[in-house]
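Everything on this sheet refers to the single structure shown next.
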Amino acid sequence: EALLSMCERAQIPMFATKEPSAFVIDVLRAYLSKHFAERTSMHGVFMDILGLGVLITGESGLGKSELGLELISRSHGLVADDAVEFARIAPNMIEGRCPPLLQNLLEVRGLGLLDIKAIFGETAVRRKMRLKLIVHLVRRSALEEEVERLPFQFPTEDVLGLPIRKVVIPVAAGRNIAVLLEAAVRNTILQLRGIDTLQEFMERQRQAMSGD
């Protein structure tokens, strides 16, 4: 009672639990890390593609939402459209969510707002995902000379102090951007597993030139 009285006078919360101390500390650590995490909002379409959290960015009018709709029709999941809230919940982990106001919604030019959950079902939306890849769409005419044919090292973009892998895809008439994006995600998954196709090709070429 004396301790409770002191806490009330100092306006310090106090609670009791029958759970083990180690369990309570783990729960509180996870809660506090999320509650006090650094946060930012980014413009784009955030999706679950093959289990990878992918943020699709690019200037207005390039068809990001239309691309998102096509990917949803290919059984991938929508997290957020237009505005994505990111939080650094761990030293090497960034989590993305959708603002409550935009939950399950995707805006497509000419169609307006689409309720993806109502149209495609619950499996078409995700509550949250960890950000692993940024796919930036650019007009082909704008960066045609700067995009490497065989990039030796993919660029990264700083998000809340963490470098996030980034792939630049030029957009042009006739290019199937959904297929290219899926291929970029599959290639990223291989690289995360330690498989680098370009490095393997270069090693194969080196061996052929040396006569091994």
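Here are a few things to note about the model shown:
- Taken over segment 25-45, the criterion of being open to solvent by less than 70 Å² (accessible area, probe 1.4 Å), on the phi < 0 side of the Ramachandran plot and outside any helix (DSSP H, G or I) is satisfied by Ala37, Thr40, Met42, Val45.
- Failed criterion for Gly61 (all others in (1) in contact with a strand residue (DSSP E or B) (Cβ under 7 Å, 6 or more places away or on another chain); (2) assigned to a loop (DSSP other than H, G, I, E, B) hold): (1)
- The single condition among (1) modelled with pLDDT of 95 or more; (2) open to solvent by 60 Å² or more (accessible area, probe 1.4 Å) that Pro100 does not satisfy is (1).
- Scan of segment 41-57 for residues that are among the β-branched types (Val, Ile, Thr), farther than 14 Å from Glu85 by Cβ and in contact with a strand residue (DSSP E or B) (Cβ under 6 Å, 6 or more places away or on another chain), ordered by number: Val54, Ile56, Thr57
- Members of segment 103-134 that are open to solvent by less than 90 Å² (accessible area, probe 1.4 Å), at pLDDT below 95 and of a type in the set (Val, Ile, Thr): Val108
- The residue that is modelled with the highest pLDDT, counting only those in segment 180-212 that are under 26 Å from Arg140 (Cβ atoms) and open to solvent by 70 Å² or more (accessible area, probe 1.4 Å), is Arg186.
- Residue satisfying all of: in segment 168-212; in a helix (DSSP H, G or I) and among the acidic types (Asp, Glu); nearest to the chain's Cα centre (by Cα) among these: Glu182
- Count of segment 46-61 residues which are within 10 Å of Lys132 (Cβ to Cβ) and either open to solvent by 50 Å² or more (accessible area, probe 1.4 Å) or without any contact (Cβ under 8 Å) to a residue 24 or more places away in the chain (or both): 1
- Lone unmet requirement of (1) open to solvent by less than 100 Å² (accessible area, probe 1.4 Å); (2) of a type outside the set (Asp, Glu); (3) at positive phi; (4) modelled with pLDDT of 90 or more for Gln11: (1)
The values are calculated or read from the model by the stated rules, or taken from the named source; none is laboratory data. Model, not experiment: these values are computed from the prediction. Because the Cβ atoms are built from the backbone with ideal geometry, glycine has one as well, and the counts that use them run over all protein chains shown. Ligands, DNA and RNA are excluded from the accessible area calculation, which covers all protein heavy atoms including side chains. Shrake-Rupley method; radii C 1.70, N 1.55, O 1.52, S 1.80 Å.
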